[in-house]
Amino acid sequence: MADDKRGEDDRKGLPNDEAALSARLQRLGDRLATANRHPENVDSTRTAADASAYARGFRMSTELVAGVIVGAGLGWLIDRWLGISPWGLIVFLLFGFAAGVLNVMRAAGVVREQSDRLKSK
Amino acid sequence: MAADPIHQFRIVELFPVAHVGNAEIAFTNSALFMFAAVIIITAFLVLGTAKRSLVPSRLQSAAEISYEFVAATVRSTAGHEGMRFFPFVFTLFMFILTVNFIGLVPFTFTVTSHIIVTAALAITVFLTVLLYGLFRHGFHFFNLFVPKGVPIAILPLIVFIEVLSFVSRPISHSVRLFANMLAGHITLQVFAGFIILMGSAMGAIGWVGGILPFGMIVILMALETLVAFLQAYVFAILTCIYLNDAIHPGH
Amino acid sequence: MAEPKLNTSTEHVPAGEHKAGFPPFDAHSFPSQLTWLVIAFVLLYVLMAKWALPQVGGIIESRQKRIDDDVAEAGKLKAQSDEAVATYEKALADARANAQAIANQTRDTQAAAAEARRKTLEDELNAKLAEAEKTIAATKQAAMSNVQGIAEDATRAIVERLIGVAPSDKAVADAVGGALKRS
């Protein structure tokens, strides 16, 4: 009697088991697919993007000054060597300023980086 | 003395080591903190990961994060080939970061508040870029300075400005770090000086009034912590950008 | 801090060279700073490149490899279980088809057997029928011959009673035979 009942249960349970099994297999397949897609660590790229925005800001803050300093330094040296003060300083300050502006535009992404020239050629 | 905002940047010679020509080489507080940084970084990375556990402890996970952070920065900025400079960039980043953070601790010395240190680091980067670029591309590397589609008449002028722009890199690179650290520490010191000043000048009322600058110091401290990290990061990422010029995939 | 040392250090400097004031621009300290910076930086670089970074990188790599391996293993196991399910379903379908075939075959053989039995029975019955018919014919024959005998006896008796003379057997037999033939 009891055996009969269990047999019946088994027979009735069989389709349920199969459904559960296939559902579990499906779920496993989905999870494996996501695991294989190798998440590019969305979180860390976002922080990196934020930080690089700051980096850009800080970069711009000194680019102009640096250009001017280089120009001034070169002009001063040339003045000293050639004894044409203050003309070297004046001219090179202008160049330095131009270079500084170029630096800033480059840092802001308005002008292409120098390295792009190697790439495109 | 405490009110003098410059005092904290003074180099203190702990003991002299050698004389080279006119110059005197001495072991200074600056050198002491450099080595402190070296020891801290090495201990952090090596001891933190000594167990090599698959599921990391807090310290190990911090070490791994620093590794992966720099690795991601290098890879995204300088590409796959840039990874050969990963140890270099990592060393730069960790050194500057640690030295900056040590400098935030009261009564310590900030190595990066000296222009000679930041300039030396920036020039190292500059020379690395220049030499590796020449080694990898030969004279083709100088195409860096030659924009396309510019009339031949003004080309020399443009090239000259481009060269200036290239040469100004180590300057901006070093001045940025130096100036930020210097200005931050001077500001902190000035506000701290206010507290002392008010306390000694106005007695009890002054001490109460000192709460305001103290609050400012707390805020500034948070800001400086951010700046300390960001400056190290900016230095690292600009190094990567410059390196990218040198290693750029040829064809 | 080492305040007295500071004083001695400034004493080293000739008054003309040392522009007292802003320490970061004090060229006097540059050689020492540069020297120690180079030593510290190179030391740190070597420590990082040869020791720390390979160790950390190795850990990260081995973990990544472990994860990849585990995922691959899970994928393999899933493929296996998929295969097992497929095999099971195929076996089920096979068994069903098999059962169908067996049922068909059984039905066919049973039908054939029944047909054969029916045929033999029919044959038997036919044979029995034929035999029975033969028996009936024989019986009829015998009965007929008996009828002649009885008719002859009766005829002889009737004629004897009518005419008192017993007719000859031959005459009676002829007469009866003729009468039977007519009827």
Scanning segment B:135-162 residue by residue, those more than 8 Å from chain A (Cβ to nearest Cβ), without any contact (Cβ under 8 Å) to a residue 24 or more places away in the chain and in a helix (DSSP H, G or I) turn out to be B:F135, B:G138, B:F139, B:F142, B:L155, B:P156, B:L157, B:I158, B:V159
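Can you name every residue in segment B:72-92 that is closer than 22 Å to B:V167 by Cα and not aliphatic (A, V, I, L, M)?
Looking only at segment B:72-92, we keep the residues that are closer than 22 Å to B:V167 by Cα, and these are B:77-78, B:82, B:85, B:88-89, B:92.
Within segment B:72-92, B:T77, B:G82, B:F85, B:F88 qualify.
Which residues, taken from segment B:52-65, are surrounded by fewer than 19 Cβ atoms within 10 Å (Cβ to Cβ) and among the small types (G, A, S)?
Looking only at segment B:52-65, we keep the residues that are surrounded by fewer than 19 Cβ atoms within 10 Å (Cβ to Cβ), and these are B:52-55, B:57-59, B:61-62, B:65.
Selection gives B:S53, B:S57, B:S61, B:A62.
In segment A:19-37, what count of residues is obtained for those that are modelled with pLDDT under 75 and either more than 23 Å from the chain's Cα centre (by Cα) or within 9 Å of another protein chain (Cβ to nearest Cβ) (or both)?
Residues of segment A:19-37 modelled with pLDDT under 75: A:35-37.
Remaining after also requiring either more than 23 Å from the chain's Cα centre (by Cα) or within 9 Å of another protein chain (Cβ to nearest Cβ) (or both): A:35-36.
Total satisfying the criteria: 2.
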I'm trying to understand the selection: among the residues of segment B:186-213, which are within 27 Å of the chain's Cα centre (by Cα) and hydrophobic (A, V, I, L, M, F, W, C)? B:I186, B:L188, B:V190, B:F191, B:A192
Check whether at least one residue in segment C:90-104 is closer than 30 Å to A:A35 by Cα, within 14 Å of chain A (Cβ to nearest Cβ) and either out of contact with any Asp or Glu (no Cβ under 6 Å at 6 or more places or on another chain) or modelled with pLDDT under 95 (or both), and report yes or no. no
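Kindly indicate whether B:Y132 is without any contact (Cβ under 8 Å) to a residue 24 or more places away in the chain, out of contact with any His (no Cβ under 6 Å at 6 or more places or on another chain), over 14 Å from B:A228 (Cβ atoms) and among the aromatic types (F, W, Y).
On the way: without any contact (Cβ under 8 Å) to a residue 24 or more places away in the chain: no; out of contact with any His (no Cβ under 6 Å at 6 or more places or on another chain): yes; over 14 Å from B:A228 (Cβ atoms): yes; among the aromatic types (F, W, Y): yes.
Considered against the rule, which asks whether it is without any contact (Cβ under 8 Å) to a residue 24 or more places away in the chain, out of contact with any His (no Cβ under 6 Å at 6 or more places or on another chain), over 14 Å from B:A228 (Cβ atoms) and among the aromatic types (F, W, Y), B:Y132 comes out as no.
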Please indicate, with yes or no, whether at least one residue in segment B:50-65 is more than 12 Å from chain C (Cβ to nearest Cβ) and either in contact with a Pro (Cβ under 6 Å, 6 or more places away or on another chain) or β-branched (V, I, T) (or both). no
Inspect segment B:67-83 for any residue being more than 9 Å from chain C (Cβ to nearest Cβ), at pLDDT below 90 and assigned to a loop (DSSP other than H, G, I, E, B) and give the result as yes or no. yes
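The values are calculated or read from the model by the stated rules, or taken from the named source; none is laboratory data. Keep in mind that what you see is a predicted model, and the values were worked out from it rather than measured. Note that we place each Cβ from the backbone using ideal geometry, even for glycine, and neighbour counts take in every protein chain shown.
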